[in-house]
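Bear in mind that the values in this text are calculations on the coordinates, not laboratory data. Everything quoted here is computed from the prediction, not taken from an experiment. All Cβ positions, glycine included, derive from the backbone under ideal geometry; neighbour counts span all protein chains shown.
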Amino acid sequence: MLLIDGKKVALAVRRELHESIDRARAAGRRAPGLAVILVGDDPASKVYVRNKERACAEAGIVSLPYHLPAHTRQEELLALIAELNGRHDVDGILLQLPLPGDLNATQCLLAIHPDKDVDGFHPENVGRLSLGLPGLVSCTPAGVIELLRYYKLPTQGRKAVVLGRSDIVGKPLAMLLGRPGEYGDATVTVCHSRTPDLAEQCRAADFIFLAVGKPKLLTADMVKEQAVVVDVGINRLPDGHLCGDADFEALKDKVAAMTPVPGGVGPMTIAMLLRNTVQSWQTRV
Ligand code: NAD
């Protein structure tokens, strides 16, 4: 089985971004800037934000931290987003979710200018993706496609099953897989919590993408020989270990390629956030 090493691919992407930033800087351009908004003290969010800020620094992206207290009001948050939308040194705006208290995340995400929406969550970018127009694509699904590209696992003409239909992973991933191209052009089936014949759908698939959040949901009897399994799921087990949605040990002798958890899709998400920031910067400098 080919173990799809997300850490290695993410490192390669980050190195490439760093080089392109260095070249532009040497030619006198300013560095890309990513504003990172964190509201409140959620410990997991703090870790995510710290990791993103560190990754920015390593790649040569200036991160502008806005760490606001939990009692921040909606109007204050919207005013900050409006200010960042207008700043020329800010190429991307990242609003770390979830927001505490009564803050309205949807209203805030809609307020981020689509050109600076490096998470790819704004309806304009989602619409662009669905129409096949250029735009900023949600980071985790973009990272999945990048892994397939790096390991030369084309989906063209193959049957792909996506488990999960969330707005940030399942749906955009299904759209990417259905786009024309070598790493698209799949016949895509999206399964969800109400799909009655999950095992049957999976057994027919050449590619299975898991984005559910249930440990060991995908078992060996649900997978055909030599399928490719990409596991987006991140679950914390009672013993503290992380695992994905696939029963990795049971599947590893049956499939052609699979991502581990951790170390598979996870590192790609941050790499794609940096890539989106650089993409936005390149259109602005
Ligand atoms: P979500 O909770 O928004 O969506 C889960 C989806 O799974 C829903 O569409 C639901 O219909 C579907 N589902 C539930 N039970 C199912 C079942 N038995 N069979 C098939 N589908 C079922 O989750 P999300 O935000 O898309 O995240 C999914 C998983 O991916 C989570 O474990 C999350 O932690 C992880 N995740 C990882 C990354 C990363 O960087 N690797 C990024 C985002 C999310």
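Net charge of the neighbourhood of CYS191, taken over other residues with C-beta under 14 Å away and scored Lys/Arg +1, Asp/Glu -1, is +3. Answer with one residue from THR155, ALA220, LEU198: the one whose Cα lies farthest towards the positive end of the charge dipole of the chain, charges on Cβ with Lys, Arg +1 and Asp, Glu -1. Checked the options; the winner is THR155.
Divide by every residue of the chain the summed helix terms, -39500 (n - 2.57) for each DSSP H run of at least 4, and state the resulting mean residue ellipticity at 222 nm, rounded to the nearest 500 deg cm²/dmol. Could you put the intermediate results ahead of the total?
Details: 10 runs with 117 residues, N = 285.
Value at 222 nm, helices only: -12500 deg cm²/dmol.
The label-point distance for ALA70 and GLU83, in a model that sets each label 7 Å from Cα toward Cβ, rounds to 2.4 nm. Overall dimensions of region 208-266, expressed as equivalent-ellipsoid semi-axes from the Cα gyration tensor (√(5λ), whole Å, largest first), are 18, 11, 10. Remark: C-alpha extents of region 46-202 on the principal axes read 49, 36, 30 Å, sorted largest to smallest.
Can you give the alpha-carbon Rg of the chain over 2.2 N^0.38 Å, where N counts its residues?
Numbers: Rg = 19.2 Å, N = 285, 2.2 N^0.38 = 18.8 Å.
Its radius of gyration relative to the 2.2 N^0.38 Å reference: 1.02.
The length gained by stretching the chain between GLU225 and HIS192 to full extension, at 0.36 nm per residue less their Cα-Cα distance, is 9.6 nm.
Based only on other Cβ atoms within 10 Å, what is the fewest-to-most ordering of CYS191, CYS243? If you can, show how the numbers build up before the last one.
Details: CYS191 22, CYS243 19.
Fewest-to-most Cβ neighbours within 10 Å comes out as CYS243, CYS191.
One-quarter of the Cα convex hull surface for region 196-236, in nm²? Please report the intermediate quantities before stating the final value.
Working: hull surface 11.4 nm².
Result: 2.9 nm².
Evaluated with a Cβ-only charge set (Lys, Arg +1; Asp, Glu -1), the chain carries a dipole of roughly 560 debye about its Cα centre, given to the nearest 20. Kirkwood radius and radius of gyration were both taken over the C-alpha atoms of region 55-137, and their ratio Rg/Rh is 0.98.
Given +1 on the Cβ of Lys and Arg, -1 on the Cβ of Asp and Glu, and no further charges, what dipole in debye does region 29-114 carry about its Cα centre, rounded to the nearest 20? Mind dumping the intermediate values first?
On the way: 8 positive and 10 negative charges, 63 e Å.
My answer is approximately 300 debye.
Neighbours of VAL90, meaning other residues whose beta-carbon lies under 10 angstrom from its beta-carbon, give a summed charge of 0 when Lys and Arg score +1 and Asp and Glu score -1. For region 139-266, the normalised intensity computed at q = 0.12, 0.15, 0.17 Å⁻¹ comes to -0.38, -0.60, -0.79 (log10 of I(q)/I(0), Debye sum over alpha carbons, equal scatterers, no solvent). Of the cross-linked pairs LYS46/LYS224; LYS8/LYS252; LYS159/LYS254; LYS7/LYS171; LYS52/LYS171, those separated by over 29 Å at the C-alpha level are LYS46/LYS224.
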